[in-house]
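This report concerns only the one structure given below.
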Amino acid sequence: MKIRSTTILTVRHRGVVAIGGDGQVSLGNTIMKADAVKIRRLLDGSVITGFAGSSADAFALLERFEAKLKDYPQNVPRAATELAKEWRTDRALRRLEALLTVVDARHTLLVTGTGDVIQPTDGVLGIGSGGNFAVAAAKALIAHSDLGAVEIVRHALEIAADIDVYTNRNLVIEEMPCAT
């Protein structure tokens, strides 16, 4: 699925996980809103999600994911897997056009409507139209700078905004300590 709207980036680095996203909402080639918040804390702040794609679809998925977290509060991968299974098999959910990133102290996950729950090996994950630009920038910053996770996310999202027309510089970034 090609999501042509937004950039969400997650970085695990030096004991911190940071997730950020831009605020642009586009309808076709028109910017409709510049300050949307696409990063949400769930489960009393212990889980942070980001979404790309249709806003209405993403909010429907976030509600379902929050319900799965209540069913499996100590097991975020299980909650994500249950959502992915439901998303893939439910006739109405199958048509939703969005992607979710999910982080907690231990996990970074990509959840898709095709049933995928993917955890990147290096803790760097990007989604949306500028996701690959942000991932490339983040990996370079991790390798060649002394920046922390929040600063890497900020700079990488700014780089993506310079390249991707569906991404702006109105950023929301959340962070939490990683589990040791």
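Each reported figure results from applying straightforward, stated rules to the coordinates on display, with no laboratory input. Everything quoted here is computed from the prediction, not taken from an experiment. We place every Cβ from the backbone using ideal geometry, glycine too, and count neighbours over all the protein chains shown.
Details
- Considering the range 7-106, its Cα convex hull presents a mean projected area of 6.9 nm².
- Under the span-like rule (Cα at least 15 Å along the axis, Kyte-Doolittle mean at least -0.5), DSSP H helices of the chain: 55-71, 131-144, 149-163
- Take 60-72, 6-18 and order them by the average number of nearby Cβ atoms within 10 Å per residue, most first; the result is 6-18, 60-72.
- Ranked by the mean number of other Cβ atoms within 10 Å of their residues, highest first, the peptides 128-136, 142-150 fall in the order 128-136, 142-150.
- Total formal charge among the other residues, if their Cβ is under 15 angstrom from that of Arg95, Lys/Arg +1 and Asp/Glu -1: 0
- When the P(r) is computed for the range 73-180, the part past 18 Å accounts for 55% of the Cα-Cα pairs.
- Ranked packing of 89-101, 159-171, 28-40, 46-58, most packed first, by mean Cβ within 10 Å: 46-58, 159-171, 89-101, 28-40
- Mean ellipticity per residue at 222 nm, deg cm²/dmol - from DSSP H runs of n ≥ 4 across the chain, formula -39500 (n - 2.57): -11000 deg cm²/dmol
- Aspartates and glutamates with Cα under 13 Å of Lys85, excluding same-chain neighbours fewer than 8 positions away: Asp116
- The range 109-148: C-alpha pair distances exceeding 16 Å, %: 44
- Backbone geometry of the range 36-46 corresponds, through the Karplus equation with coefficients 6.51, -1.76 and 1.60 at θ = phi - 60°, to 3J(HN,Hα) couplings of 5, 10, 10, 10, 9, 8, 10, 6, 6, x, 7 Hz, x marking Gly and Pro.
- Ignoring lysines fewer than eight residues from Lys139 along the same chain, the ones with Cα atoms less than 27 angstrom from its Cα are Lys2, Lys38.
- Charge dipole (debye, nearest 20) of the chain; +1 at Cβ of Lys and Arg, -1 at Cβ of Asp and Glu: 400
- Cross-link partners for Lys68 among the aspartates and glutamates, with Cα-Cα distance under 12 Å and sequence neighbours closer than 8 places in the same chain left out: Glu82, Glu86.
- Pair-distance profile P(r), taking every C-alpha pair of the chain, with 5 angstrom steps and integer %: 1, 10, 19, 23, 21, 15, 9, 3, 0, 0
- Among Gly115, Phe59, Gln74 the positive-end extreme of the charge dipole of the chain (Cβ point charges): Gly115
- Extended-chain gain in nm, criterion 0.36 nm per residue less alpha-carbon gap, Arg91 and Thr30: 18.9 nm
- Cα Rg, Dmax (largest Cα-Cα span) when computed across the range 77-132, Å: 11.5, 34
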